[in-house]
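The numbers here are math on the coordinates, done by the rules we state, and not lab data. These numbers come from a predicted model, not from an experiment. Counting neighbours? That spans all protein chains shown, and the Cβs are built from the backbone with ideal geometry, glycine included.
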Amino acid sequence: MSTHPRTSDGTADHDRPARPANAVPGLNALLVPTTELYLDLHRHPELSGAERRTAARFADWLEADGFRVVRDIGGHGVAAELHNGDGPAVLLRAELDALPVAEDTGVPYASSATAPGPDGRPVPVMHACGHDAHLACAAAAARWLAARRDHWRGTLLVVGQPAEETLSGARALLEDGLYERITPPDEVLAQHTAPFPAGMVAHADGPVMAGSVTLEVLFEGDGGHVATPHLTANPLLAAAGAVVRLPAVAAHASDPAERVVVAASSLRTGNTGHTGNVIATSAVLHVTVRAFSEAALDRVASAVEHMVREEAATDPLSPRVTVTVLSRSGITLPDPDLTAAVRAAHRAHFGAARVTGWPGASATEDFPLLTGSGAHLHGKPRIRGAYWMLGATSPAQWRAAPGTGADEKLAALPANHSPRFLPSVRLTLETGTAALVTAALARLGPPTARTVECPQTDIG
Ligand SMILES: [Zn+2]
Ligand SMILES: [Zn+2]
C-alpha cells in the first residue's frame, strides 16, 4: 500500500499505550521464532517478482508445521493447506515482496540489501511496506492453529503472495491455478500495517483501500533544434502542460465527496543525450488515479486521457499521443457481515479501546482479486473477504511524534513506503498474530457451533 493512512475516530484511544490485555495461550513462546523470522525477512528483502528466498523461508516454516505446501505459483507464490475435518475453508493472505527504498531507520537489523533494478544497476531494497511483519504474523498464526487443531474444524489455507507492490501477483496466482491447486476458500482474511499505534487494529465500515488505474502517456515528436521550437513538436512541453492540469481534472471530473486522487508519478524524456540543445523525440508520463468506486475510476481515467490529448493538440505541431493502462486494481471493499464478525472477535480479544475505525486509505491493493472481484473467478462461488489495518507505531515513537492529536501525529510519523517506516517489532507481531488467530477461530470451528465471537476459553 502507498499512502498516508488516517484513523477515523478520536485521539484518546490513540494516546493510550497499547499492550495486549490478554494473550492467546502459547503466543509468548511463539514470539521468539516469529521475531527471528521477522528480523531475517527484514534483513533480506526482495523486490516484486524476485521473492525466491522469502518464499522459501515462508514455505519451509509452513511445511514444518504439517501443511501441504505448493511452491512457485504465479512466480514465487506459496500456498499451504491444512485439513482438519469438515468445515469452512479460511485463507490467511500475506505478501512476500519489498520495495526499492534505501532503509534509513538506523536500527541494527536495518536492510542493506540491493538488487538489480530495471536497468540492471543495483537498487536498495527495504521492507518499507511492512510485508515482512504480515508474513511473520501469518506464519505464527498458522503455527498456533496447526498446534491446536482441537480448537477448530475445517481447512486452514495460507498464501504468501508475490508482487503485490506491482499489483500483478494476485492475478498471477489465480492465472496459475491457485484455487485449483489448493481447496478454494470460503473466506479470505488479510491485514496491513499502518503507522497508528501498535497494539491496535482498525476496521472500515466501507472500503479499506481505493482502487487505482495507472496510465502511461507517451508523447512523441520528431525531435529538432531547441533554437527552432516553431519547427518541431515538443513532447516535453505537452507532458509538462498535462502535469500541471491534473489537479483541475481531479476537481472537474469528480464529486468532492468522491475522494479522488490524480497524481503524476514520473516524467522522463528520451533521446536528449547530455546536450541542452536538442528537443526530445519523446516524453513518457505516468499518471495514477485513485478512487473508491469503479465508476469514478473510469470517469476520471477517461478525463485524464481526454486532457492529455487536448494538451498535445494545443501545440500547432501536435505531438502524437498514446495512452496505455499500465495497471488497474479494484477497490478493497471487505464483506460487511464477515467484517462485523471479525471485528467482534477482535473486540472480544483486544477490548473495544484497541479496535478502532478506518476511513479508507487512498493506497491500493490487488487483494480484491483473491475474493473473486474481477473476471478470474467468474462462474465460481463468491469468496468473502475481510481486511483490517494493523497498528505499527511503538508507544515511544507515538509519544515523540509532534502534535497533540492523532491526525497531527499520523501526519508526522513515517508512513508505509518511507525509508524511515519502522514497525514496533514485538507489539506489531503480537497483535498481528493474535488478530489473525482470533479472526480465524471465529470463522473456522465446528460447523454446528460456529460463533462470531472468539470463545473466551481460548483467550488466556
Ligand atoms: Zn506498499
Ligand atoms: Zn503493502
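Quick notes on this structure:
- MRE, 222 nm, helices only [DSSP H, n ≥ 4, -39500 (n - 2.57), over the chain, to nearest 500]: -10000 deg cm²/dmol
- Rounded to the nearest 20 debye, dipole of the chain from Cβ charges on Lys, Arg, Asp, Glu: 720 debye
- DSSP beta bridges confined to the chain are antiparallel in about 65 percent of cases.
- Principal-axis tilt of helix 294-313 within the chain, Cα atoms, nearest 10 degrees: 20 degrees
- Residue-span extension gain [SER266 to ARG52] - 0.36 nm each, minus C-alpha spacing: 74.2 nm
- Computed from the C-beta positions of VAL325 and ARG149, the FRET efficiency with R₀ = 35 Å rounds to 0.15.
- Table column - 3J(HN,Hα) (Hz), the range 194-209, Karplus curve with 6.51, -1.76, 1.60, x for Gly and Pro: 7, x, 8, x, 4, x, 10, 10, 9, 10, 9, 7, x, x, 7, 9
- Calculated FRET efficiency, HIS286 to ALA353, Cβ-Cβ distance, R0 = 56 Å: about 0.85 to the nearest 0.05.
- A simple spin-label model places the labels of ASP60 and LEU39 1.7 nm from each other, with each point 7 Å out along Cα-to-Cβ.
- Take the Cα of ASP72, go 7 Å toward its beta carbon, and the backbone nitrogen atoms of the range 173-205 under 16 Å from that spot belong to 173, 176-178.
- Point-to-point label distance, ALA396-ASP337, nm (Cα→Cβ direction, 7 Å offset): 4.7 nm
- Remark: relative contact order (the range 63-209) = 37 percent; criterion is Cα-Cα distance under 8 angstrom and separation of 6 or more residues.
- Here the Kirkwood formula, the inverse mean of 1/r across different C-alpha pairs, assigns the range 210-329 a hydrodynamic radius of 14.7 Å.
- Paramagnetic label reach from ASN277 (point 7 Å along Cα→Cβ; backbone nitrogen cut-off under 15 Å): within the range 205-228, residues 224-228.
- As a calculated quantity, the FRET efficiency between SER112 and LEU231 at R0 = 51 Å, using C-beta atoms, amounts to about 0.50.
- Cα pair distances in the chain, grouped into 20 Å bins until the bin that holds the longest one, percent each: 24, 54, 19, 3, 0
- Rg of the Cα atoms in the range 153-251, relative to 2.2 N^0.38 Å, amounts to 1.84.
- Sequence-separation-based contact order of the range 210-329, relative, with Cα cut under 8 Å and 6+ spacing, percent: 45 percent
- Gained length - ASP298 relative to ASP86, 0.36 nm times residue gap less alpha-carbon distance: 72.1 nm
- Mean separation of Cα pairs under 8 Å and 6 or more residues apart, divided by the residue count, gives the chain a relative contact order of 26 percent.
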